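What follows is a single structure, written as structure tokens, with notes after it.
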Amino acid sequence: MQLPEKFIASLTGIKGFDKEAFEKVHLAQEQVTSIRLNPAKVSSMENGEWSMVNRQWSIASDEKPAPSDSSLFAIHQKVPWATHGYYLSERPSFTFDPLFHAGVYYVQEASSMFLEQVLKQTTDLSKPLRVLDLCAAPGGKSTLLQSIISTESLLVSNEVIKTRVNILTENITKWGSANVMVTNNDPKDFERLENYFDVIVVDAPCSGSGLFRREPEAIQEWSEDNVALCSQRQQRIVADVWASLKENGILIYSTCSYSKKEDEDINDWIVDTLNAESIKLNANSEWNITEAISDKHGCYGYRFFPDKTLGEGFFIAAFRKTEGSEFIFPKLKKNAFEKLSKKEETIAKEWLANNNDYSLLKKENSVYALPADHVNDIQFIQSSLYIKKAGILTGKLVHDELIPEHELAMSLIINDKIQAVDLSENNAINFLSKEEVNAGTSVKGWTLAKYNNHNLGWMKVLQNRVNNYYPSAWRILKRK
Ligand code: SAM
């Protein structure tokens, strides 16, 4: 793997850059695979998590997660800066693992999981927060954010590019939580939500050099001009979204580029233009993360080099907003949702657990379970942005019956008394491929397809056949 000379030259002089080690690690092209478990779907006890990681990916020994003082480069161990992150010894075929489709874990590059530390060190997570993930597709940071914020908090997961919103919605749906909304808006549209968010994450589109080891084909696209273009776009994105951050709110800025123009220089620009305050973070020295200080204002940034940390290239920085005013809910002219009749409510509630924590509302005949604490917020956001998903789409009311939606099957709010069948691995793959399934049950009606006790979706068991309701767009297309 030949790295462009101009690229190497542009990194020379950056703190922590070791040309020889950097080129060597790129030449070796080692694949580092890591996953982050969904604590809402897997026991959060360490032993439970560990056995989940061990369950099918051959682990050489029975060791528990390595203690923090062990070598970072040992395999089969926890990602040290992420509570639910694990390195795997090899890259399995995730497509053929039903638990991947059940939203039990997310395949995420380890360095970017450091976002957890940044959020924990800058924000009081015990409070209900409004969090925006502005550049969210395919959903790595959003699923991480959802796992760390409280259930009383609301995450708005936004993606501007229409074709990328579908994969974001799919991943958020599989993650199963009701407190995430997906929107499809330009950063500029967030000006309508002035002083609204407590935290904004801008995981900015960038020149992508941090992923060269994993995606060597991207090397050809690197140029100084593209870095300059990305830098201008990054400034524009941050400027556009800035008004929607409240006073004392936290901006977390990250890229997967090593370029100073997209990292330290943007940090200086943020302080210069927006009068923000840079925040110093603590990173355990054993993690080998490089603290990068910007030239003009001495802003703190944290850079991950793949020759020093087990993960890909990444840069992250945090800022506090020093100006702004109180957010006051505006009076909304009309509600986007309607109330259910008493009868409809009784029908819908049967499908839900803890059904008093949710407001059941409908749009046409579709029923949504919205976290009761967030109804006002959702209505307000609905009046300003284009919403792709809010709360849990529970089902459609047809002739006094609720036809359940896939979102309900994947959610954490489904009534656990609903009829279900645990499928064999082969049958689970058939189900996820939208093929014929042997449900092995004579009980008729709507039935949850499960694998290892995790929901995969809906089947309808009829007299002579089983109808498979897995969403066509999400089905497995590959053959084993
Ligand atoms: N945060 C995501 C994750 O962790 O899975 C990865 C985000 S990726 C680095 C940057 C995202 O920004 C892409 O989804 C891209 O479509 C989006 N994007 C591209 N141009 C943009 C723009 N002008 N404004 C906002 N977002 C943009």
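Normalised by the residues of region 328-399, what does the relative contact order come to in percent, with Cα pairs under 8 Å and at least six apart?
Answer for region 328-399 is 32 percent.
Convex hull over the alpha-carbon atoms of region 256-319: what's its volume per residue in Å³?
So the per-residue Cα hull volume is 73 Å³.
How large is the translational diffusion coefficient of region 340-480 in µm² per second when you combine the Kirkwood radius over alpha carbon pairs with Stokes-Einstein at 4 °C and 1.567 mPa s?
80
Two decimals is fine: what's Rg over Rh for region 136-200, C-alpha atoms, Kirkwood radius as Rh?
Ratio of gyration radius to Kirkwood radius: 0.95.
I want to make sure I understand the PRE zone here: with the label point 7 angstrom from the Cα of residue 335 toward its beta carbon, which residues in region 182-199 have backbone N atoms less than 20 Å away?
Counting only backbone N, you get no residues.
Can you return the lysines within cross-link range of residue 15? Criterion is Cα-Cα under 28 Å, with same-chain partners fewer than 8 residues away left out.
Leaving aside lysines fewer than 8 places away in the same chain, those within reach of residue 15 are 6, 24, 78, 120, 141, 260, 261, 280, 296, 308, 321.
Plugging the Kirkwood radius over Cα pairs into Stokes-Einstein for region 74-226, at a temperature of 10 °C and a viscosity of 1.306 mPa s, what D comes out in µm²/s?
Rounded, D is 94 µm²/s.
When only Cα pairs under 8 Å and 6 or more residues apart are kept, what is the percent relative contact order across region 109-241?
After rounding, I find 24 percent.
Work out the FRET efficiency for residue 401 and residue 465 from their Cβ-Cβ distance, taking R0 = 22 Å, and round it to the nearest 0.05.
0.65
Would you list, by chain and number, the lysines whose Cα falls below 26 Å from the Cα of residue 342, excluding same-chain residues fewer than 8 positions away?
Candidates past the 8-residue exclusion: 333, 334, 362, 363, 389, 396, 417.
Kirkwood Rh over alpha-carbon pairs of region 207-269, then Stokes-Einstein at 25 °C and 0.890 mPa s: what D in µm² s⁻¹, rounded to an integer?
Translational D for this selection: 191 µm²/s.
Classify the chain as rounded, prolate or oblate, taking a ≥ b ≥ c as the square roots of the eigenvalues of its Cα gyration tensor: rounded when a/c is under 1.5, otherwise prolate if a/b is larger than b/c and oblate if not.
Oblate, because a/c is 1.5 or more while a/b does not exceed b/c.
If I take every Cα pair under 8 Å that is 6 or more residues apart in the chain, average their sequence separation and divide by the length, what percent do I get for the relative contact order?
Rounded, it is 14 percent for the chain.
Grab the Cα-Cα distance for residue 356 and residue 220, subtract it from 0.36 nm times how many residues apart they are, and report the gain in nm with one decimal.
Here the segment from residue 356 to residue 220 would lengthen by 43.5 nm.
Given the peptides 101-112, 80-91, arrange them by the average over their residues of other C-beta atoms within 10 Å, most packed first.
Sorting 101-112, 80-91 by mean packing, highest first, produces 101-112, 80-91.
Set the Förster radius R0 to 35 Å, insert the Cβ-Cβ distance between residue 228 and residue 372 as r into 1/(1 + (r/R0)^6), and round the FRET efficiency to 0.05.
That pair, residue 228 with residue 372, gives E of 0.15.
Rank these for me by crowding, 100, 22, 197, going from fewest to most other beta carbons within 10 Å.
Placing the least packed residue first, the sequence is 100, 22, 197.
Quick one: net charge of residue 321's neighbours, Cβ under 13 Å, K/R +1, D/E -1?
Spelling it out: positives minus negatives among the neighbours equals -3.
Could you work out how much longer the chain between residue 150 and residue 120 gets when fully extended? Use 0.36 nm per residue separation minus the Cα distance between them, nm to one decimal.
Separation in residues times 0.36 nm, less the Cα-Cα distance, equals 9.6 nm.
Based on the mean of other Cβ atoms within 10 Å per residue, sort peptides 168-178, 116-126 so the most packed one is first.
Ranked from most to least packed, the peptides come out as 168-178, 116-126.
Provide Rg over Rh for region 398-480; use the alpha carbon set for both Rg and the Kirkwood Rh (inverse mean inverse pair distance).
Using Cα coordinates only, the ratio equals 0.94.
Under a plain spin-label model, where a point goes 7 Å from the Cα along Cα-to-Cβ, how far apart in nm are residue 1 and residue 443?
It works out to 5.1 nm between the two label points.
Along its three principal axes, how long is region 333-410 when you only count alpha carbons? Whole Å, largest extent first please.
Here the Cα extents, ordered largest to smallest, are 33, 23, 21 Å.
Order of 372-383, 307-318 by packing, highest average Cβ count within 10 Å first?
307-318, 372-383
A short reminder: the numbers here are calculations on the coordinates, not readings from a lab. These numbers were taken from a predicted model, which means no experiment stands behind them. Neighbour counts run over all protein chains shown; Cβ positions are idealised from the backbone, glycine included.
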